[in-house]
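See below for the structure under consideration.
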Number of protein chains: 2
Amino acid sequence: MSKSTVTACVILIGNEILSGRTQDANLHFLATGLTAIGIQLREARVIPDVEATIIETVNLCRERFDYVFTTGGIGPTHDDITADAVAKAFGVPLIRHPQAVAIMEARYESGQLNEARLKMADVPEGAALVANPVSGAPGFRIGNVYVFAGVPKIMQAMFDGIKAELVGGAPMLSRTIVAFMPEGTVADALRAVQERFAEVEMGSYPFYRSQRFGTSLVLRSSDTERLNEAVAALSEALAGLGGEFEEQTTPD
Amino acid sequence: MSKSTVTACVILIGNEILSGRTQDANLHFLATGLTAIGIQLREARVIPDVEATIIETVNLCRERFDYVFTTGGIGPTHDDITADAVAKAFGVPLIRHPQAVAIMEARYESGQLNEARLKMADVPEGAALVANPVSGAPGFRIGNVYVFAGVPKIMQAMFDGIKAELVGGAPMLSRTIVAFMPEGTVADALRAVQERFAEVEMGSYPFYRSQRFGTSLVLRSSDTERLNEAVAALSEALAGLGGEFEEQTTPD
């Protein structure tokens, strides 16, 4: 039997995101992908390639959330310390995984599979491999922690490969009303409707486009009936304000 | 006298980033801006609009880092709870700031400044206002915590406005060598050079462009002389591998 609420945390590991050298592209992909399968992403953290920080963060998050996904730090160079740190977080040794070695041997020509590349076959003892159809070197899962590469194309392929084994809760349904009124104008009406529908999460996002100020009102719930009732109630309240509004029928 | 190492943490507040509705654009801006003035961004967190989570995260981060920057949750709607949560984190009441009210009164026509908009003049007692030249409603600073809007254009203007009051440490200098060799080929040479230069942070970032695999090797340090020596040592090591490489002379 599945739980009604399943939670997740994403940990982005890499100095390059914190220094501004690299703009992260993985969080948005995972947020969208998890939401689509009924897993609520509750938190994300960006941390540096520092062993103590990785260990502390992984241990805290795996206790607190149903699933943890890390990206980054599993390549062949000295600054790739994620696999080793995750092994330490779980209190198990890092081992050279025979199947990972076989994958790498099949991929590299004789003489190319040096010690640095073989390091990518090291995973915490007891971990299951996560396939990397892009460049070979696998990720892994241990307990409720999935360890993915940081390169977006590889990370995405890894997530797509394991997605079917994730168990989501009731999917969050979402409806969006676009009101061509500033946020401060709709705020009171929105608050009043929110107070009547505690089980519907209502978010308000101002925009300025085609030279008009407006507000996207996003209503989310796992209860279809209440969601629809809330949209009806909000539409009525907005009509009372006299401004123009419409339901958004295309994705953001 | 300034400290040699000054640290910061960024807290992005908003359900919309975690649900995938919105792709965050603020982290990269702040990471780049802080690095440029000698402040090391050590961690970033994305958290939902949940009071207890905001309070816990703000209190933990303001203890641990020299500066904390939050984005999001200071608008006029019911889901904008950042100011209130930050007041609770500091154990002070939320007050209606007279100067913020004056700013809002000057901005809105008579009858437009409703209670929802006035909420944007509420800040923790003792906070200093942060100017918002884009849309009026200010951010604020309390202790070492800066609270900015989530809309990127407003957040950027707020940061640019307070930047001069931040005290950075020794700036991190950076040099990048682009090697047209796969990461696994350069890994051993890079590790050997890293071991000789502990005070130079060396990062390795694989790329694939113009149908060639390559690796960007980023060397960072606040010590110019050691940085230059490390670049020379790494160049010599790469030359020994026989592959092509060059120093990158333009920013990423």
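Give the Kirkwood hydrodynamic radius (Å, one decimal) of segment A:6-165, defined as one over the mean of 1/r across all pairs of different Cα atoms. Write out the running numbers ahead of the final one.
Working: mean 1/r = 0.0638 Å⁻¹.
Computed over Cα pairs of segment A:6-165, the Kirkwood hydrodynamic radius comes out at 15.7 Å.
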Legend entry - Loop sites in segment A:183-227: GluC sites (Glu not before Pro), DSSP, at most 15 other Cβ within 10 Å: A:Glu199
Inset, instruction - Taking the rotation that carries A onto B, look along its axis and tell me which residue of A has the beta carbon nearest to it, distance in whole angstrom. - result: A:Arg45, 3
Legend entry - Largest-first ellipsoid semi-axes for segment B:173-247, taking √(5λ) over the Cα gyration tensor eigenvalues, angstrom: 20, 12, 10
Inset, instruction - Run through the other copies and list how far each one's label point is from that of A:Glu225, in nm with one decimal, shortest first; the point sits 7 Å from Cα along Cα-Cβ. - result: 7.7
Inset, instruction - One decimal, nm, shortest first: give the distances between the label point of A:Gln248 and those of the same position in the other copies, each label point 7 Å from Cα along Cα→Cβ. - result: 3.4
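Counting other Cβ atoms within 10 Å, which GluC sites (Glu not before Pro) in segment A:101-168 have at most 16 and lie in a DSSP loop? Don't skip to the answer; put the middle values down first.
Details: sites: A:Glu105, A:Glu109, A:Glu115, A:Glu125, A:Glu165; in loops: A:Glu109, A:Glu125.
Within segment A:101-168, the qualifying GluC sites (Glu not before Pro) (loop, at most 16 other Cβ atoms within 10 Å) are A:Glu109, A:Glu125.
Helix check for chain A. Which DSSP H runs span at least 30 Å along their own axis by Cα, with a mean Kyte-Doolittle hydropathy no less than -0.5? The partial results should precede the final answer.
Details: long enough: none.
Span-like helices, by this rule, are absent here.
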Inset, instruction - Between copies, how far apart are the A:Ala102 label points? List them in nm, one decimal, shortest first, with each point 7 Å from Cα toward Cβ, please? - result: 7.6
Inset, instruction - At q = 0.07, 0.11 Å⁻¹, what is the base-10 log of I(q)/I(0) for the protein assembly as shown according to the Debye formula with one equal point scatterer per Cα and no solvent? Please give it to two decimals. - result: -0.42, -0.99
Inset, instruction - Once you've got the Cα coordinates, tell me which of A:Lys153/B:Lys163; A:Lys88/A:Lys153; B:Lys119/B:Lys153; B:Lys3/B:Lys88; A:Lys119/A:Lys163; A:Lys88/B:Lys88 are over 32 Å apart. - result: A:Lys153/B:Lys163; A:Lys88/B:Lys88
Legend entry - Relative contact order (percent, whole number), segment B:173-247, Cα cutoff 8 Å, 6+ residue spacing: 45 percent
Inset, instruction - Before anything else, pin down the relative contact order of chain B: Cα pairs under 8 Å, at least 6 apart, normalised by residue count, whole percent. - result: 17 percent
Legend entry - Mean separation of Cα contacts under 8 Å (6+ apart) over length of segment B:48-145, as relative contact order %: 28 percent
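If you rank B:Asp24, B:Asp66 by fewest surrounding Cβ atoms within 10 Å, what's the result?
Values: B:Asp24 24, B:Asp66 19.
Neighbour counts put them in this order, fewest first: B:Asp66, B:Asp24.
Which length gain, in nm to one decimal place, applies between B:Leu241 and B:Lys163 when the Cα-Cα distance is subtracted from 0.36 nm times their residue separation?
The span from B:Leu241 to B:Lys163 would gain 23.7 nm if fully extended.
FYI, it's all coordinate maths here, none of it is from the lab. Computed from a prediction, not measured in an experiment: that's the story for all the values here. Backbone-built Cβ (ideal geometry, glycine too); neighbour counts: all protein chains shown.
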